[in-house]
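In what follows, a single structure is set out as structure tokens and then discussed.
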Amino acid sequence: MLTYNELIELKEKLANGKIALEYAKDLYWNDFEEGKRAWHTKDWKERRSEIIKDKCEICGSKETLTLQHLSHPQKYNDYEREVTKKHTQTFIGSNAIVGKREFSEHVIKNYDYVPITLCPNCGDNRPNKRVRKLPQYLCVQCRHEFDKPIYKSVDELIAIFYENEEALDVRDKCFISKDKWKNNHNLSNVKYWFQRKMVKNIQSEIIGKEAFLLYLDDTIKYLSFEDTITACKKCAFNFDINNIELCPKCREHYKGIQYPTCIQCLSKERRKAALEKIEFRKEWHAIHKELGID
């Protein structure tokens, strides 16, 4: 595992084009061991000893102190996903043309088509399928009764889509991806993911480098102890696991980390409103539990 200073050097070399992306990744993950964390390293422990304070900055305790991070880096795949989305939106915004034939081949290859039932009289896609009464179908739009619905082919839907992407005919999610996820998409969704795939193929190096630099930035920030406080074991546990911390105003009661103070430190009117809201949630929770939908 690279040290803090080695990571800074790695990032600078990659950013300045002195090393290639794949080589940078190899250097970073070469000594990476499953289960080993940064705080297990000698580098971390030495720098931690220089910055940690002599008491908890939340409650003032001096027992079992640790450095509590207020933010954490994401996984590399999260950065890559965000960067890919940004480049895809730029690609779409540039009015990049996707050929109709190329798109059709992509749809047929990567999706199963489950056609939507249509009324043969008016073409509406909401006919009711009846169980006991014949004819089997009743169109709610034109009241036409029929046994044999009609369907649009993939080619017909794509033709409509290329004339008007907002047309009602192409809004149904009748295309199921052939991958393990089996997600349902309409043609707009299919086109987006196709464009995203195109962007990843064309700009894979750019996307990868940008994502890895963002990942290194946040990892370096994490290792720098920039966004940390000294906390005792109890306060660190409450912050990480329970998402609560000691109220900075009264230093007695706990509050959610997203709130400035605890309920007890609110004004009389706001405290009353907060307690009523909590009580209402408890009542609803009890009702849900009783009904077995908790």
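In nm², what is the average projected area of the convex hull enclosing the Cα atoms of region 157-294?
Details: hull surface 67.6 nm².
Orientation-averaged projected area of the Cα hull: 16.9 nm².
Cross-link partners for K234 among the lysines, with Cα-Cα distance under 21 Å and sequence neighbours closer than 8 places in the same chain left out: K45, K53, K55, K62, K249, K255. Compute the acute angle (0 to 90°) between the alpha-carbon long axis of helix 42-51 and the principal axis of greatest extent of the alpha-carbon atoms of the chain; round to the nearest 10°. Approximately 70 degrees, to the nearest ten.
When the Gaussian network model of the chain links Cα atoms closer than 10 Å, the mean-square fluctuations of V83, V114, V140 top out at V140.
With r defined as the distance between the Cβ atoms of E22 and E156 and R0 fixed at 45 Å, what FRET efficiency is calculated, to the nearest 0.05?
Values: r = 45 Å, r/R0 = 1.00.
So, using R0 = 45 Å, E works out to roughly 0.50.
Centroid-to-centroid, using Cα positions, region 180-240 and region 72-130 are 22 Å apart. Note on K180: aspartates and glutamates with a C-alpha under 16 Å away, same-chain residues under 8 apart excluded, are D112. Please determine, in degrees from 0 to 90 and to the nearest 10, the orientation of helix 187-202 with respect to the longest principal axis defined by the Cα atoms of the chain, where the helix direction is its Cα long axis. Its long axis makes an angle of about 50 degrees.
Among K129, K255, K282, the residue with the largest mean-square fluctuation in a Gaussian network model of the chain, with springs joining Cα atoms closer than 10 Å, is K282. Computed across the chain, the Kirkwood hydrodynamic radius from all distinct Cα-Cα pairs reaches 25.5 Å. Average 1/r across all pairs of distinct alpha carbons in region 246-294, invert it, and you get the Kirkwood radius: 12.2 Å.
We did not get these values from a lab; they are worked out from the coordinates using the rules stated. In this text the structure is predicted, and so the values were computed from the model without any measurement. Cβ atoms come from the backbone with ideal geometry, glycine included; neighbour counts cover every protein chain shown.
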